[in-house]
Amino acid sequence: MEPNPTTTFTFFRKGWRAKRVWIYAGDYDKIPTNGGKTGADTPPYTIGVSGRSMELIQNKSAGGTHTVLTCKYEGFARHKALIRSDHGITSTERNGLFSSGWKFVYMSTQYKWSVPMFSSVWVLCDAGNREIARFHRNSFRFRRIGRLEIYSQQPYGTIDPDFVAMIMATCKLVHNTVKNNERSASS
């Protein structure tokens with residue numbers, strides 16, 4: 001039985017080869033609009049990827065932005081990454097040489113993305129193997145990348161916003177790794 005999601009985000013890309021990802025709070029089939037009104041098309045978060053680095057940006061409703069965290073790949077095979085946020089630095093690494101999953105430590109707890117082969121559902125678990133989040137990937141949609149569901153482990157359903165940012169960033173790391181593996185396999 002799946003836990004009920006506390007927070008849901010939908011990941012979109014602007015175009016087929018776009019490196020910027022738009023993240024909207026909620027579950028959407030298409031990029032949400034509000035009848036063309038100003039600001040309606042602005043997602044709460046965007047992830048920009050450039051070479052060996054990535055940044056998660058929070059778009060403020062007043063029009064400004066805030067870089068929540070940055071991530072820089074390390075190593076020749078990009079099997080490690082260093083994530084910097086306002087609250088410190090953490091490292092993350094791939095689960096194994098041939099694995100698409102990533103693991104990281106947040107607030108002294110180890111988390112691990114499980115990416116089963118031939119499955120479009122990726123699961124984030126803590127060290128006690130409790131399910132923290134689940135990503136449902138859309139392989140055959142032009143713009144929609146997938147839906148991220150984050151489950152609350154707290155008694156009142158609250159989730160640390162910094163932890164949400166870490167989950168979104170590591171989910172994008174997993175997505176990049178899966179896409180790179182698919183490209184390598186097809187060539």
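Here are the numbers:
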| quantity | calculated |
| --- | --- |
| Inter-residue pairs, beta-carbon under 8 Å, first within 14 Å of Lys179 (Cα to Cα) and in the stretch 108-126, second among the hydroxyl-bearing types (Ser, Thr, Tyr) and assigned to a strand (DSSP E or B), 6+ apart | Trp122/Ser114 |
| Test: residue in the stretch 100-108 that is more than 17 Å from the chain's Cα centre (by Cα), surrounded by fewer than 17 Cβ atoms within 10 Å (Cβ to Cβ) and modelled with pLDDT of 85 or more | yes |
| Count of the stretch 51-70 residues which are open to solvent by less than 40 Å² (accessible area, probe 1.4 Å) and assigned to a strand (DSSP E or B) | 6 |
| Which numbered condition Thr10 fails, given (1) in a strand (DSSP E or B); (2) modelled with pLDDT under 80 | (2) |
| Any hit, the stretch 126-135, residues being more than 17 Å from the chain's Cα centre (by Cα), of a type in the set (S, T, N, Q) and modelled with pLDDT of 90 or more | yes |
| Every residue from the stretch 129-150 that is surrounded by fewer than 15 Cβ atoms within 10 Å (Cβ to Cβ) and of a type in the set (A, V, I, L, M, F, W, C) | Phe140, Phe142 |
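The values are calculated or read from the model by the stated rules, or taken from the named source; none is laboratory data. Just so you know, these numbers come straight off a predicted model, no measurement behind them. Heads up, the Cβs are rebuilt from the backbone with ideal geometry, glycines too, and the neighbour counts pull from every protein chain shown. The accessibility values were calculated without ligands, DNA or RNA, using every heavy atom of the protein model including side chains. Shrake-Rupley method; radii C 1.70, N 1.55, O 1.52, S 1.80 Å.
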